[in-house]
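What follows draws every value from the coordinates through simple rules; no lab data is involved. Note that this is a predicted model, so its numbers are computed, not measured. Cβ coordinates were reconstructed from backbone atoms using ideal geometry, including for glycine residues, and neighbour counts include every protein chain displayed.
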Protein chains: 2
Amino acid sequence: MQRRKFIKTAAVGSLAVGAGVIKPVLAANKAEFKWKMVTAWPKNFPGLGTNANLLAQMITEMSGGRLTVKVYGANELVPAFEVFDAVSRGTAQMGHSGAYYWKGKAAAAQFFSSIPFGLNAQEMNAWLYYGGGLELWRELYKPFGLIPAATGNTGVQMGGWFNREIKTMADLKGLKMRMPGLGGEALRRAGGTTVAIPGGELFTALQSGTIDATEWVGPYNDLAFGFYKVTKFYYYPGWHEPGSTLEAMINAKAFNALPKDLQKIVLVACKAANLDMLSEYTARNNQALDTLVNKHKVKLLPLPTEVLKNLRQLSEEVVLELTAKDPMAKKIYTSVNQFRTQVSKWSAVSEQAFFNARSH
Amino acid sequence: MQRRKFIKTAAVGSLAVGAGVIKPVLAANKAEFKWKMVTAWPKNFPGLGTNANLLAQMITEMSGGRLTVKVYGANELVPAFEVFDAVSRGTAQMGHSGAYYWKGKAAAAQFFSSIPFGLNAQEMNAWLYYGGGLELWRELYKPFGLIPAATGNTGVQMGGWFNREIKTMADLKGLKMRMPGLGGEALRRAGGTTVAIPGGELFTALQSGTIDATEWVGPYNDLAFGFYKVTKFYYYPGWHEPGSTLEAMINAKAFNALPKDLQKIVLVACKAANLDMLSEYTARNNQALDTLVNKHKVKLLPLPTEVLKNLRQLSEEVVLELTAKDPMAKKIYTSVNQFRTQVSKWSAVSEQAFFNARSH
């Protein structure tokens, strides 16, 4: 409730200010703060790019146009993988991306996207807002002059598209797959090869045989990319990304220059956007899955239990090696892992038990 | 981004307004709009009352004090069950409650709290924001001059506290239980008796034997009420309330009198508060469950599959009878039920499959 108490005399112009209560008066479209938001997504990309648009719109509207935010798709201002640096140095005041893209800056950033066999969306938000997660994320980004916030979640992703059936661990040997992050490292330990390919080139890579398999997000996004045209085996669940958080990052200097009300608007907008994206994916994934299975005759298959057990063990090895090398990664993983142990017990008697009761 | 374009001349006082750009200037703590929020909860009640506080605080802070919201606990301004009428007639501009309390006003209101064997929190939000649910809720409340918004969710609740083991449907016969709403009606059809008792009196009612069983919310709230002192059988899952939404209701005239930016602030704050409550319960329920099981030696038990199947069938009968009598209830249930059919398939291959993979 603290307000700027000064009057910007240059802007007030010819006003003679009296002693009376002065009510807010604004000329339309005269922003005090004009921000740029760079994103790691193609402009308007469903779910991800549209969430960036929604976030910018909420901030602009709630501030009555005092803080306008203009969204830039990947490559419009900077390439996707330069979002972090661009916001850090102040080229843009905000960024919209996924934290695991920045593992080269800080290895522990990956833990704020998703951890293989880790937390689902509901649990991830519980850890961030009520389990100390957000404080740790802020600590991790602080040296870069950045303030992070969760601004979306895809929910449990799909296991991916494969040009062959996966029956045992042997089927992963020699598999060339697009799979980033900690999950990709686990796949390499299973004998696979991982390849970094931007989303827009995945279809061609699958079609030409450059890769044998790819994961992306889930039915809503995967249908749009047309993967079903070149491969029919669609596996679940997304063990490697069970509740991927999308991030908004804010340049700390730009944030600190805002009055308190606009600061609050930015942070609350991120939280509302966080729920919005999860709701959108949850509502739209099944419609897309219906189309994939019933219209395009995709084979929807569960990854075998034995394969999942092995991937889980390999994932734990990957994480333990990472945390052994990096004290901040160890600190963050200790927090999220303790939280997982706790919350898994609660989820077992609540969400999981309910799903089972409903499907009896 | 539309702004009030007029200048409140009375407030501007002795200002001589020139042609220059006028930047916003505000005297601290001079609210343009002072709202009251009446609630159905004791003041500061954990999870529910604290969510009302958070919502009011976010609105007040984001508006820079232009719209202040003061929270009243149950009975401070009006009793819990008069929140709806108080906001409808404008005694207060906002209310914070649960929609199933208003089944006497509009039977279909219950569907916006939770439906037995219906949607969990994530699915409920997907239906509300991306499945047409919120539009139907607005249609239902419009004749009362109210605008509803989801402002919280408890997640899957617990099945309740019982003074005996529940092994078969026969154990529900003659059972006197506090269980409101559609679930309570299903229990009556199973031969039980349901009693309406305010939360604060439940402990004594259990202790004295006035009731044999009660459900409330989940471990976080149930531990605070001390039910473990008088009964040790704690059942899961909460089949009757798998993802209870809490509501903010807004007096439509008061809302329409706000400038666009403050309107947006109110609605976005509700959405952020919605995610916040679910995160709080998810983080805190397990700590409380740990205490109940390990310190207070509560017996945590699953309701038998056969009992759940029977309760599911009885619940469907209850809902079908309700919708047969009430066209608006039929319209809303048709929407939510179609959504459930769809989203259940998606949840089965995403959240449910992941929980299973994690617990192998």
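Rounded to the nearest 10 degrees, what's the angle between the helix B:305-325 long axis and the longest principal axis of chain B, both from Cα atoms, 0 to 90?
Here the helix axis deviates by roughly 50 degrees.
Which of B:P198, B:P148, B:P304 moves most in a GNM of chain B, Cα contacts under 10 Å?
Result for chain B, Cα springs under 10 Å: B:P198 fluctuates most.
For segment A:264-323 and segment B:65-96, compute the distance between their C-alpha centroids and round to whole Å.
About 40 Å separates the Cα centre of segment A:264-323 from the one of segment B:65-96.
Among the lysines, select those whose C-alpha is under 17 Å from the C-alpha of A:K295, and discard any that sit fewer than 8 residues away in the same chain.
By straight Cα distance, A:K295 reaches A:K229, A:K232, B:K345.
Quick one: order B:H96, A:H360 by neighbouring beta-carbon count within 10 Å, fewest to most. Can you show the working numbers first?
Working: B:H96 29, A:H360 10.
Listing B:H96, A:H360 from fewest to most nearby Cβ atoms yields A:H360, B:H96.
Quickly work out the A:R189-to-B:A170 label distance, labels modelled 7 Å from Cα along the C-beta direction, and quote it in nm with one decimal.
5.3
Could you give, in nm with one decimal, how far A:A324 is from each other copy of that position, shortest first, with labels 7 Å out from Cα toward Cβ?
Label-point distances to the other copies, shortest first: 6.7 nm.
³J(HN,Hα) across segment B:216-228 via Karplus (A = 6.51, B = -1.76, C = 1.60, θ = phi - 60°), whole Hz, x for Gly/Pro?
Coupling constants for segment B:216-228: 9, 10, x, x, 4, 7, 5, 4, 4, 7, x, 4, 4 Hz.
Do any trypsin sites (Lys or Arg not before Pro) in segment A:236-321 lie in a DSSP loop with no more than 14 other beta carbon atoms within 10 Å, and if so, which?
Details: sites: A:K253, A:K260, A:K264, A:K271, A:R284, A:K295, A:K297, A:K299, A:K309, A:R312; in loops: A:K297.
Sites meeting the loop and neighbour criteria: A:K297.
Around A:V71, under 10 Å between beta carbons, what's the net of Lys plus Arg minus Asp minus Glu among the other residues? Display every interim value, and only then the final one.
On the way: positive: A:K36, A:K43, A:K70; negative: A:E76.
Local net charge: +2.
By how many nm would the segment from B:K34 to B:S359 grow when fully extended, if each residue of separation counts as 0.36 nm and the alpha-carbon distance is taken off?
Numbers: separation 325, 0.36 × 325 = 117.00 nm, distance 5.04 nm.
Roughly 112.0 nm would be gained on extension.
Which cross-chain or sequence-distant (5 or more) residues have an amide H under 5 Å from the amide H of B:L146, H modelled 1.01 Å from N in plane?
Amide H neighbours of B:L146, under 5 Å, 5+ apart: B:A252.
Would segment A:210-332 count as rounded, prolate or oblate if I go by the C-alpha gyration tensor, calling it rounded below 1.5 in a/c and otherwise prolate when a/b exceeds b/c, oblate otherwise? Intermediate values should be presented prior to the final figure.
On the way: a/c = 2.89, a/b = 1.38, b/c = 2.10.
Oblate.
How far apart, in nanometres, would the label points at B:L300 and A:R89 be if each is projected 7 angstrom from Cα along the Cα-to-Cβ direction?
Taking the two extended label points, one gets 5.1 nm.
Along Cα→Cβ at 7 Å, what distances in nm separate the A:V293 label point from those on the other copies, shortest first?
A:V293 label point versus its equivalents elsewhere: 3.2 nm.
Within the set of other residues whose C-beta is less than 13 Å from the C-beta of B:V83, count the net charge using Lys and Arg as +1 and Asp and Glu as -1. Please list the in-between numbers first.
On the way: positive: B:K36, B:R89, B:K105; negative: B:E76, B:E82, B:D85, B:E247.
Summing Lys/Arg as +1 and Asp/Glu as -1 gives -1.
As an exercise, identify the trypsin sites (Lys or Arg not before Pro) in segment A:160-229 lying in DSSP coil whose Cβ has no more than 12 other Cβ atoms within 10 Å. Provide the component values of the computation, followed by the final result.
Working: sites: A:R164, A:K167, A:K173, A:K176, A:R178, A:R188, A:R189, A:K229; in loops: A:R164, A:K167, A:K173.
In loop regions of segment A:160-229 (DSSP not H, G, I, E or B), the sparsely surrounded trypsin sites (Lys or Arg not before Pro) are A:R164, A:K167, A:K173.
Using helices alone, what [θ] at 222 nm do you get for chain A, with -39,500 (n - 2.57) per DSSP H run of 4 or more residues, divided over all residues and rounded to the nearest 500? Could you put the intermediate results ahead of the total?
Working: 13 runs with 156 residues, N = 360.
Estimated from H runs of four or more residues: -13500 deg cm²/dmol.
With the label 7 angstrom out along Cα to Cβ, how close does B:G226 come to the same site in each of the other copies, in nm, nearest first?
Spelled out, the distances from B:G226's label point are 6.8 nm.
What longest region of chain B stays clear of GluC sites (Glu not before Pro) that DSSP places outside H, G, I, E and B and that have at most 16 other Cβ atoms within 10 Å?
Working: sites that count: B:E76, B:E165.
Here the longest segment lacking exposed loop sites spans B:166-360.
How tilted is helix A:327-349 with respect to the longest principal axis of chain A? Cα atoms for both, answer in degrees (0 to 90, nearest 10).
70
Checking the table B:K105/B:K331; A:K253/A:K325; A:K105/A:K260; A:K36/A:K260 against a 24 Å threshold on Cα-Cα, which pairs fail? Write down the numbers at each step before the final one.
Working: B:K105/B:K331 17 Å; A:K253/A:K325 31 Å; A:K105/A:K260 30 Å; A:K36/A:K260 20 Å.
Table pairs above 24 Å Cα-Cα are A:K253/A:K325; A:K105/A:K260.
Tilt of helix A:121-130 relative to the longest C-alpha principal axis of chain A, in degrees (0 to 90, nearest 10)?
Roughly 40 degrees, rounded to the nearest 10.
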